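Q: This is the structure, below, for whatever I ask next.
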Amino acid sequence: MNTPPPHDTGPEWQREGAEIVWREVHGPWLVEARCPVAAPFTGPSQLTIRLNIGGPDEDKIVRLMDQALETDGIPATLLRQIPLAEIKAGARAALARQEDRAMNDPYPVPARCRTEEDYALLVAELARMRATGTTAPQQELAGRLGIGKATMSERIKRSKELGLWDGRNLTEKASAILTQWHQGQEGN
């Protein structure tokens, strides 16, 4: 059973919300690696292989389905072809190129949070601080903003109510707001 070589044009890491994502197509199979930008490590945290058949080209669908049936599921040869060391090295390089603030500059948290974007910046900064090893991020951020612990606790509680923070991580909603914020920063 032969697994066709990838027919993608050189996989690249792409930013999707709070993650960078790498994809490569092997015949009917899609291999995907995901790496959270704010993680305290630089390798992927998720590797997925799934059937990738669809689209308007019926001949292609039939051909890819025949290949999938021939391998009777994910072939072992495909698992051996996944270049994990290259994927990890690519993730490190992509993260180094990111102008993301996750490990670099602090997010500009406003002194007063009024909008969902303000609260998203607040929890993004807490996540960044936690990822960079700050032992008491809430206390340190409260001090930096010149507010008390109770006020910081209320803001975090409000972030949860807005669906931006789950207590440990940014939610998809917060990531989407931050992606728009980043795009706005790049445009300036």
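The values are calculated or read from the model by the stated rules, or taken from the named source; none is laboratory data. Computed from a predicted model, the values in this text were never measured in an experiment. So basically every Cβ, Gly included, is an ideal-geometry build from the backbone, and we count neighbours across all protein chains shown. The accessibility values were calculated without ligands, DNA or RNA, using every heavy atom of the protein model including side chains. Shrake-Rupley method; radii C 1.70, N 1.55, O 1.52, S 1.80 Å.
Q: For the subset of the stretch 106-126 comprising residues that are of a type outside the set (D, E, K, R) and assigned to a loop (DSSP other than H, G, I, E, B), which member is surrounded by the fewest Cβ atoms within 10 Å (Cβ to Cβ)?
A: 111
Q: Out of the stretch 128-177, which residues are open to solvent by 50 Å² or more (accessible area, probe 1.4 Å), of a type in the set (Gly, Ala, Ser) and over 26 Å from the mean Cα position of the chain (by Cα)?
A: 143, 146, 150, 153
Q: I've got another one for you. Test residue 50 against the stated conditions and say whether it is touching a strand residue (DSSP E or B) at 6+ places or on another chain (Cβ under 7 Å), surrounded by fewer than 13 Cβ atoms within 10 Å (Cβ to Cβ) and farther than 30 Å from residue 131 by Cα.
A: yes
Q: Looking only at the stretch 24-47, filter to residues that are in contact (Cβ under 8 Å) with a residue 24 or more places away in the chain and open to solvent by 50 Å² or more (accessible area, probe 1.4 Å); which one of those is farthest from residue 69 (Cα to Cα)?
A: Filtering the stretch 24-47 for residues that are in contact (Cβ under 8 Å) with a residue 24 or more places away in the chain and open to solvent by 50 Å² or more (accessible area, probe 1.4 Å), the one farthest from residue 69 (Cα to Cα) comes out as 40.
Q: Could you list, ordered by first residue, the pairs with Cβ atoms under 7 Å in which the first is in the stretch 63-77 and part of a loop (DSSP other than H, G, I, E, B) and the second is open to solvent by less than 90 Å² (accessible area, probe 1.4 Å) and of a type in the set (A, V, I, L, M), at least 6 apart or interchain?
A: Here the result reads 74/49, each pair linking the stretch 63-77 to a residue that is open to solvent by less than 90 Å² (accessible area, probe 1.4 Å) and of a type in the set (A, V, I, L, M).
Q: Let me ask another. In the stretch 57-83, what residues are exposed (fewer than 14 other Cβ atoms within 10 Å of the Cβ) and of a type in the set (Val, Ile, Thr)?
A: Once the filter is applied, which keeps residues that are exposed (fewer than 14 other Cβ atoms within 10 Å of the Cβ) and of a type in the set (Val, Ile, Thr), the stretch 57-83 yields 62, 77.
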